[in-house]
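The values are calculated or read from the model by the stated rules, or taken from the named source; none is laboratory data. Keep in mind that what you see is a predicted model, and the values were worked out from it rather than measured. Note: ideal-geometry Cβ built from the backbone for every residue, glycine included; neighbour counts use all protein chains shown.
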Amino acid sequence: MPTEMRLGGVTELAEELGGLVRALVAAAGPIARTQADQMAENIRAALPVVTGTLRASVQIAPITAPGPAAVAAQVAVTAPYAMAVEFGTAHTAPRPVVVPAQRRGRAAFIKAVVDHVRTTGLQVDGA
């Protein structure tokens, strides 16, 4: 004998969840920009200075988020020799600034988003 189960409110639940995602993405955009600004400032402050070109090349690059529920910001160091400074060459030692700043920036972004979600009364596990 087949068993039948009916669930009510699924459409409403899906609409509520969709609204939650849209609200989170809307809130996360400014958080991402703030974190990118802070990361750019941290990178500029930590880079070695000879002419100032390397520091001046730090910029927040426009980036398209990979999906409708994604937020992205990218900090770029565009001086042609930036990779040689970061990773070193056969003649110079590496002076890592960007990669450590990126790791710290990503962690700060996640923490800021989690903090925002918690202010809405939702629980966040694993963060």
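On the basis of being among the hydrophobic types (A, V, I, L, M, F, W, C) and within 23 Å of Thr119 (Cβ to Cβ), does Leu24 make the cut?
Yes; evaluated as a whole, the condition is true for this residue.
In this structure, does Pro48 turn out to be closer than 26 Å to Gly19 by Cα and in contact (Cβ under 8 Å) with a residue 40 or more places away in the chain? Show your work before the answer.
On the way: closer than 26 Å to Gly19 by Cα: no; in contact (Cβ under 8 Å) with a residue 40 or more places away in the chain: yes.
The answer is no for Pro48.
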Return the pairs, sorted by first residue and then second, in which the second residue is of a type in the set (A, V, I, L, M, F, W, C) and not in a helix (DSSP H, G or I), the first residue lies in segment 98-127 and is under 19 Å from Gln74 (Cβ atoms), the beta carbons are less than 6 Å apart, and the residues are 6+ apart or on different chains. Val98/Val77
Members of segment 105-123 found to be touching a helix residue (DSSP H, G or I) at 6+ places or on another chain (Cβ under 9 Å) and loosely packed, with under 12 Cβ neighbours inside 10 Å, listed by number: Thr120, Leu122, Gln123
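Considering each of Thr51, Thr64, Thr78, Thr11 in turn, give the residue that is of a type in the set (S, T, N, Q) and within 16 Å of the chain's Cα centre (by Cα).
Values: Thr51 fails: within 16 Å of the chain's Cα centre (by Cα); Thr78 fails: within 16 Å of the chain's Cα centre (by Cα); Thr11 fails: within 16 Å of the chain's Cα centre (by Cα).
None of the other options fit; the residue is Thr64.
Filter segment 27-53 for residues that are farther than 24 Å from Val117 by Cβ and either at pLDDT below 85 or of a type outside the set (Ser, Thr, Tyr) (or both) and give the result.
Of the residues in segment 27-53, the ones farther than 24 Å from Val117 by Cβ are 40-53.
The answer is Ala40, Glu41, Asn42, Ile43, Arg44, Ala45, Ala46, Leu47, Pro48, Val49, Val50, Gly52.
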Report, by residue number, each residue of segment 65-114 that is closer than 18 Å to Gln38 by Cα and among the basic types (Lys, Arg). Arg103, Arg104, Arg106, Lys111
Return yes or no: is Ala56 at pLDDT 95 or above, over 30 Å from Thr120 (Cβ atoms) and surrounded by 12 or more Cβ atoms within 10 Å (Cβ to Cβ)? yes
